[in-house]
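Visitor: Attaching a single structure in structure tokens format; questions to follow.
The values are calculated or read from the model by the stated rules, or taken from the named source; none is laboratory data. Everything numeric in this text was worked out from a predicted model, so none of it was measured. Every residue, glycine as well, gets a Cβ built from its backbone with ideal geometry; the counts of neighbours run over all protein chains shown. To get the accessible areas, we keep the full protein, side chains included, count just its heavy atoms, and leave off ligands, DNA and RNA. Shrake-Rupley method; radii C 1.70, N 1.55, O 1.52, S 1.80 Å.
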Amino acid sequence: MTRSNNYTIEILFDSDSHTKTLFIGPVPYFGSASFFDKFIIQNDKIIIEAKRSAIIPLDNIFYNHFSSLYNQILKSLVFYYASVRKFSKITSIKILRIRQQKVLEEKVFNNKEFNQVLDSSFKLDYIIDQDRLQELFNGTSKGQTTLISISYILISNTLLNESDKFEKLWKSFNRLYTHIAGNNQDFSCLRFLRQFVVDHPNILTLSAKRVTSLTTDKLRNAIRWRGMFLDNYDTEAKTQSLKDFVIRYSDKRIMNILLETKYGYRETFLKNKGLFTQVETHIQNAIALDSNNDNEVVSLLTGKYMYFVRNKTFHGEKVDSSFRLLVNKEDNELRFLNSVLEPYLIDLINANDIY
């Protein structure tokens with residue numbers, strides 16, 4: 001079957017800077033193993049040149065979310081905003097169907113006929129490596145993961161409260177860790193991801209920098225350690241898991257907090273199970289080494305504490321965080337968590353060549 005229908009999609013932006021090319025090249029599309037579309041992405045416009053065998057009603061492109069053309073548009077927009085990292089208003093979208101060099105159909109959508117995918121508050125503070133960003137163009141599982149994950153990061157940087165931002169970032173995180181681990185069980189994925197970071201300690205450049213200035217007091221006051229420990233180790237039967245948790249870490253700030261909280265508020269459990277001496281010795285030895293391990297703090301916050309927060313929030317165990325009268329401690333905590341989780345996600349995306 002010949003691909004005799006040529007479609008040209010032109011997306012124009014309200015840009016006040018000189019034209020700069022962000023990407024030019026072939027991009028595969030869903031449903032085709034061997035054919036490609038041509039993307040030209042600049043700071044003031046996007047042009048997609050596509051060939052298809054079918055005649056696609058131009059009015060339906062935006063309504064059929066399974067349409068290959070629609071998904072190519074989404075790819076181009078995610079790449080565009082992740083590259084320019086600020087809001088640029090889409091002023092118009094023009095779609096042409098051309099056959100034998102003749103324009104057979106033309107449709108122009110003005111900015112009142114479609115939604116801006118982001119709003120004027122959008123601003124992305126972190127740079128995604130361009131080679132790693134281009135992974136979103138591929139039709140592979142990794143490509144889809146990169147596309148979906150970045151789309152949530154972009155939306156999280158619009159005018160959202162801290163609770164809604166955390167929800168978007170967690171969905172981005174969920175997509176990333178399930179792909180990296182090749183598993184759909186959260187606990188197994190997060191455990192796998194922690195080992196992945198241990199095996200590749202240099203990938204956490206942005207998120208490690210975010211926590212490096214934290215003192216023991218700042219780290220202890222930033223989150224609800226008591227709530228996490230009592231939730232995760234609520235019975236004496238889970239004391240072995242608590243011991244394993246302690247042994248996995250060596251950062252002196254985490255160790256000091258364990259001492260200050262009387263071993264995660266579970267000193268009695270540890271003594272009853274004969275594990276106290278082992279835990280106490282590990283903590284004291286780690287404190288004596290007097291070393292910070294920023295990667296451990298990032299892993300604890302993202303894979304342990306945020307999972308605890310996520311479960312309390314997503315499982316409906318508390319009143320929705322948006323339902324409040326004034327900024328409170330929970331807002332401050334979520335703001336802190338978001339400030340760690342977002343650069344952590346960028347770090348993971350920037351490492352997508354090794355998973």
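Visitor: Need one number for the range 227-313: average projected area of the convex hull over its C-alpha atoms, nm².
Guide: Spelled out: convex hull of the Cα atoms, projected over all directions, averaged, 5.2 nm².
Visitor: Then there is this: Just order 74-86, 127-139, 94-106 by mean Cβ neighbour count inside 10 Å, highest at the front, would you?
Guide: Averaged packing, sorted descending, gives the order 74-86, 127-139, 94-106.
Visitor: Over the alpha-carbon set of the range 179-266, work out the extent along each principal axis and list the three values in angstrom, largest first.
Guide: 35, 34, 19
Visitor: Also, quick follow-up: Where Lys and Arg each count +1 and Asp and Glu each count -1, what net charge lies around residue 262 among other residues with Cβ under 12 Å from its Cβ?
Guide: 0
Visitor: Follow-up question, since we're still on this one. How large is ³J(HN,Hα) for each residue in the range 109-124, as worked out from phi by the Karplus curve 6.51 cos²θ - 1.76 cosθ + 1.60 (θ = phi - 60°), to whole Hz, x for Gly and Pro?
Guide: So the Karplus estimates, Gly and Pro as x, are 9, 8, 6, 8, 9, 8, 8, 5, 5, 10, 10, 5, 7, 4, 7, 9 Hz.
Visitor: Taking square-rooted eigenvalues a ≥ b ≥ c of the alpha carbon gyration tensor, is the range 135-222 rounded, prolate or oblate, where a/c under 1.5 means rounded and, failing that, a/b exceeding b/c means prolate?
Guide: oblate
Visitor: Give me a comma-separated list of calculated 3J(HN,Hα) values for the range 152-166, in order, Karplus coefficients 6.51, -1.76, 1.60 applied at θ = phi - 60°, integers in Hz, x for any Gly or Pro.
Guide: With coefficients 6.51, -1.76 and 1.60, one gets 5, 4, 4, 4, 5, 9, 9, 6, 10, 6, 5, 5, 5, 5, 4 Hz.
Visitor: Something else: In whole percent, and with a 1.4 Å probe on the protein chains, what portion of the accessible area of the range 158-287 is carbon and sulfur?
Guide: Answer for the range 158-287 is 47 percent, counting heavy atoms of protein chains only.
Visitor: With +1 on each Lys and Arg Cβ and -1 on each Asp and Glu Cβ, and nothing else charged, work out how big the dipole of the chain is about its Cα centre, in Debye to the nearest 20.
Guide: With Lys and Arg at +1 and Asp and Glu at -1, about 360 debye.
Visitor: What's the local net charge at residue 129, with K and R +1, D and E -1, over the other residues with C-beta under 12 Å away?
Guide: -3
Visitor: Project the alpha carbons of the range 80-160 onto their principal axes and report the range along each, largest first, in whole Å.
Guide: 43, 32, 17
Visitor: In angstroms, what radius of gyration and Dmax does the chain have, counting Cα atoms only?
Guide: 24.3, 83
Visitor: Could you order the peptides 20-27, 255-262 from most to least packed, using the average number of other C-beta atoms within 10 Å per residue?
Guide: In descending order of packing, they fall as 255-262, 20-27.
Visitor: Name the residue from 145, 299, 205 whose Cα lies farthest towards the positive end of the charge dipole of the chain, charges +1 on Cβ of Lys and Arg and -1 on Cβ of Asp and Glu.
Guide: Checked the options; the winner is 145.
Visitor: Quick one: which of 142/171; 238/262; 51/112 span more than 21 angstrom between C-alpha atoms?
Guide: Distance filter (> 21 Å) returns 51/112.
Visitor: What list of ³J(HN,Hα) couplings, whole Hz, do you get for the range 214-220 from phi and the Karplus terms 6.51, -1.76, 1.60, once you set θ to phi - 60° and write x for glycine and proline?
Guide: Ordered by residue, 3J(HN,Hα) equals 5, 8, 4, 5, 5, 5, 5 Hz.
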